[in-house]
Structure formats: C-alpha cells, structure tokens
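Engineer: What follows is a structure written as structure tokens; I'll ask about it next.
The values are calculated or read from the model by the stated rules, or taken from the named source; none is laboratory data. Remember, predicted model here, so these are calculated numbers, not experimental data. Cβ atoms come from the backbone with ideal geometry, glycine included; neighbour counts cover every protein chain shown.
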Amino acid sequence: MQYLRTRRATNVGELAAGAPAGHLPRTTRSSVVFGPDEIRVMRTALDRSWEALSFARWQDDMDKRRTRERLARAILHEAARGERSVGTLTDNALGSLEPRSS
C-alpha cells in the first residue's frame, strides 16, 4: 500500500489540476502522511467544491486556477488537522473563499 508524504506548497496545484494529492502549504511545519482513503476523500471534497462553483464567472483562466488552488489548499489544511468528512472539507473549502469581515 502506497502512502504520500506532504511537501512544498508549490505543488498544491497538482491536487487542483487533478494530480495525486499529498502536499501542504509551506506554513505547516510537521509532516503529514495521507493514505489512499484520505486522498480519495480530499479529491471528492475538491470535486464537490468545484461543482458548487459551476455558476461562477471567472475573470480569466488565472482567476479560475487560483480559485481552484485556494480550494485545494483549504482542503489540505483541514485534512492535515485530521478532518476526514467530505462534507466538512467541502463546506470549509467553500467558506475559505468568502470575504472576511474586519
């Protein structure tokens, strides 16, 4: 059984682009290992989050890519903290896109 160890944030786009997961933001200091089941959960959460934004109008392809990467980062962050619920990962990822009030 193969497991993936997390590494640099520069590769978080791989999850957003459809490549295998296993990366965390640079700010995470400890390593996290995701097994196949966790990766499947994260992939499903990303797909559902993206589907929920099907109504969105994008400024350009870069805006679209950045948004998908923000979703992936939010999912990876929560999964690294131990969250394994597709629904919770999806909701938190979508919530990460909401503007913050001061």
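Engineer: Which residue is surrounded by the most Cβ atoms within 10 Å (Cβ to Cβ), if the candidates are limited to region 36-65 and must be part of a helix (DSSP H, G or I) and polar (S, T, N, Q)?
Structural biologist: Looking at the filtered set, the residue picked out is Ser49.
Engineer: When both residues are 6+ apart or on different chains and their Cβ atoms are under 8 Å apart, which pairs have a first residue that lies in region 31-51 and is free of Cβ contacts under 8 Å to residues at least 40 places away in the same chain and among the small types (Gly, Ala, Ser), and a second that is part of a loop (DSSP other than H, G, I, E, B) and crowded, with 19+ Cβ neighbours inside 10 Å?
Structural biologist: Ser31/Thr6
Engineer: Have a look at Ser49, Ser31 and point out the one that is at pLDDT 95 or above and among the small types (Gly, Ala, Ser).
Structural biologist: Every option except Ser49 fails the conditions.
Engineer: For Gly22, only one of the following conditions fails: (1) at pLDDT below 90; (2) in contact with a strand residue (DSSP E or B) (Cβ under 9 Å, 6 or more places away or on another chain); (3) part of a helix (DSSP H, G or I). What is its number?
Structural biologist: Only one criterion in (1) at pLDDT below 90; (2) in contact with a strand residue (DSSP E or B) (Cβ under 9 Å, 6 or more places away or on another chain); (3) part of a helix (DSSP H, G or I) is unmet by Gly22, namely (3).
Engineer: Look at Thr88 and say whether it is in a helix (DSSP H, G or I) and more than 14 Å from Glu38 (Cα to Cα).
Structural biologist: no
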